[in-house]
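Reading through the structure tokens given below for one structure.
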Amino acid sequence: MSKLKKLVVSTETEFEALAASWRLLETQVPQLLPFQTYDWNRAWWKVFSDSSWYHKDELAICTLYDEGQLVAVMPLTNTHVGLHSLFMYRYVRPFGADPNLTEIRIPLALPAYDETILQQWEDLSRQETFGLTEFQVIHTKQHAAHFLASNAAVHPLEARDVPNFILHLGDNWANFKSGLKRNIKESLRHCYNSLARDNLQVHLQVWQGAAEIRSLLHDFYTLHAARAGATNTVEHPDYFAAPQHRAFMAALLESDFASRMQLFCLELDGRVVAMRLGFAMGEELYLYYSGYDLQFARYSVMTTLLAEIIQWSYTQNFKRINLSVGEDVSKTRWGPSVTHYVEYQCVKNNAWRRNLGNSILKMRKLRRNWAGQKSD
């Protein structure tokens with residue numbers, strides 16, 4: 001690593017020119033996440049970047065080359081709040097500052113360069129001469145903690161854990177199923193027995209690619225909204241209610257990323273009762289958002305859908321299924337392994353910036369608490 005070269009991409013033209021080398025790097029990184037791909041980040045910038053007289057997002061894509069080969073890329077937005085030339089507040093954070101559409105926002109890097117790319121946070125902090133800049137550092141707990149311990153110029157104010165759950169499939173469904181905990185085995189028996197008792201035929205339909213998925217997105221959004229309205233399970237919002245969020249999905253389907261996309265549909269007697277989006281990432285299938293018809297909740301159709309997806313995954317030679325982030329029983333009862341990511345809110349390490357940063361965080365918490373009480 002004697003000939004390392006750091007470059008920061010700051011223009012649209014330079015961003016587009018990264019496509020070939022970024023995509024080549026994707027093929028070399030083990031356990032690639034959808035959110036690390038060029039196409040995901042290009043679509044995100046197209047839909048979510050903002051520019052107005054008081055709020056401006058600028059590109060700050062940190063790249064690392066070793067002997068001319070791209071070995072790491074960390075897509076960042078440099079957001080100025082206030083008049084652009086006289087801003088007093090700035091936020092430098094990874095792409096994906098959206099309402100949880102981009103679930104894991106870590107750099108794309110060959111393993112040997114995971115911590116080297118993080119060093120560019122130190123470079124960015126040295127460029128700050130006035131005002132307050134918040135830096136959002138995200139990586140595995142190990143790499144992020146080591147970086148912060150080794151770089152005193154950046155001070156962490158707050159940390160948020162982001163657990164990611166992954167199923168390792170092994171040789172076949174029978175062996176996988178035999179190794180499950182008793183509670184999920186009983187749940188699976190209940191799912192299939194209740195369907196058989198009511199003479200409902202189960203079928204998994206898998207749609208792949210832009211043309212097939214695009215025609216079914218409206219149905220997916222409808223079922224996702226129904227799932228968001230359920231009150232007797234883990235609550236989450238309707239992530240696709242906003243037109244901008246649907247525009248992002250449309251942008252993905254217009255990109256090369258569409259070839260990675262699958263829409264899993266659980267049919268009972270030919271009627272679609274549950275759907276889940278997935279992304280084929282080499283040997284890993286990443287399972288994204290879902291939805292189901294509440295009329296069929298008594299059959300635990302989401303558990304049945306996941307069981308059917310796991311069985312289908314063996315036929316496609318997937319080695320792992322990524323159940324996404326967030327700790328809830330729908331994931332943990334399958335006995336997955338866990339990768340722990342962490343998101344740090346940081347400022348440049350001097351007294352007044354630490355104090356001001358902490359004051360801003362306290363005000364945000366008070367505002368969130370007030371908004372929560374008001375909605376109740």
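Ordering Met363, Met249 by accessible surface, largest first, gives Met363, Met249; the 1.4 Å probe counts only protein heavy atoms, with every chain in place. The angle between the Cα long axis of helix 351-375 and the longest principal axis of the Cα atoms of the chain comes to about 30 degrees, rounded to the nearest 10. Taking the convex hull of the alpha carbon positions in the range 259-376 and averaging its projected area over all directions gives 12.0 nm².
In Å², and per residue, what accessible area does the range 188-259 have when probed at 1.4 Å with the other protein chains present?
On the way: 3900 Å² over 72 residues.
With all protein chains present, the range 188-259 gives 54 Å² per residue.
Gain in length, Ser178 to His218, computed as 0.36 nm per residue apart minus the alpha-carbon separation, to one decimal in nm?
10.7 nm
Apolar share of the accessible surface for the range 119-207: 49 percent from carbon plus sulfur atoms, 1.4 Å probe.
Under the combined filter of DSSP loop state and at most 13 neighbouring Cβ atoms within 10 Å, the range 110-202 retains these trypsin sites (Lys or Arg not before Pro): Lys181.
Listed by chain and number, the aspartates and glutamates whose C-alpha is less than 16 Å from the C-alpha of Lys46, apart from same-chain residues fewer than 8 away, are Glu12, Glu14, Glu16, Asp57, Glu58, Asp98, Glu254, Asp256. For Lys181, a cut-off of 30 angstrom between C-alpha atoms picks up these lysines, skipping any fewer than 8 places away in its own chain: Lys141, Lys319, Lys331.
The calculated Kirkwood hydrodynamic radius for the range 176-332 is 16.3 Å, given to one decimal from all distinct C-alpha pairs.
Close amide H partners of Tyr288, meaning residues 5 or more places away or on another chain with modelled amide H under 5 Å apart, are Leu277, Gly278, Phe279. For Ala159, the shell of other residues with beta-carbons less than 13 Å away shows a net charge of -1, using +1 for Lys and Arg and -1 for Asp and Glu.
Convex hull volume per residue, computed on the Cα atoms of the range 51-119, equals 115 Å³. Applying both filters, DSSP loop and at most 14 other Cβ atoms within 10 Å, to the GluC sites (Glu not before Pro) of the range 192-291 gives Glu235, Glu254, Glu283. Using a probe radius of 1.4 angstrom, the carbon and sulfur fraction of the accessible surface of the range 53-109 is 59%. Scanning the chain for chymotrypsin sites (Phe, Trp or Tyr not before Pro) in DSSP loops with at most 13 other Cβ atoms within 10 Å, what's the longest stretch left with none? Between exposed loop sites, the widest span is 131-376. Taking the range 207-244 and a reference point 7 angstrom along Cα→Cβ of Leu294, the backbone N atoms nearer than 19 Å belong to 219-242. For the chain, the C-alpha radius of gyration divided by 2.2 N^0.38 Å, with N the number of residues, is 1.06.
Distance between the C-alpha centres of the range 16-92 and the range 302-376: 21 Å, rounded to the whole angstrom. Note on Thr332 and Asp269: their simple-model spin labels are 3.8 nm apart, each label 7 Å out from Cα toward Cβ.
Check each of the trypsin sites (Lys or Arg not before Pro) in the range 39-111 and keep only those in coil by DSSP with at most 14 other C-beta atoms within 10 angstrom; list them in order.
Details: sites: Arg42, Lys46, Lys56, Arg90, Arg105; in loops: Arg105.
Nothing satisfies the criteria.
Listed by chain and number, the lysines placed with their C-alpha closer than 18 angstrom to that of Lys365 are Lys374; residues fewer than eight positions away on the same chain are left out. Our summary gives the chain a relative contact order of 21 percent, counting only alpha carbon pairs under 8 angstrom and 6 or more residues apart. Principal-axis analysis of the Cα atoms of the chain puts helix 301-315 at an angle of about 80° to the longest axis. His155 contributes an accessible area of around 60 Å² to the protein surface, as traced by a 1.4 Å probe with all chains present.
The values are calculated or read from the model by the stated rules, or taken from the named source; none is laboratory data. None of the values given here were measured: they were computed from a predicted structure. Methodologically, a virtual Cβ is constructed for each residue, glycine included, from the backbone with ideal geometry; neighbour enumeration extends over all protein chains shown. Keep in mind that these areas ignore ligands, DNA and RNA; they rest on the heavy atoms of the full protein, side chains included. Shrake-Rupley method; radii C 1.70, N 1.55, O 1.52, S 1.80 Å.
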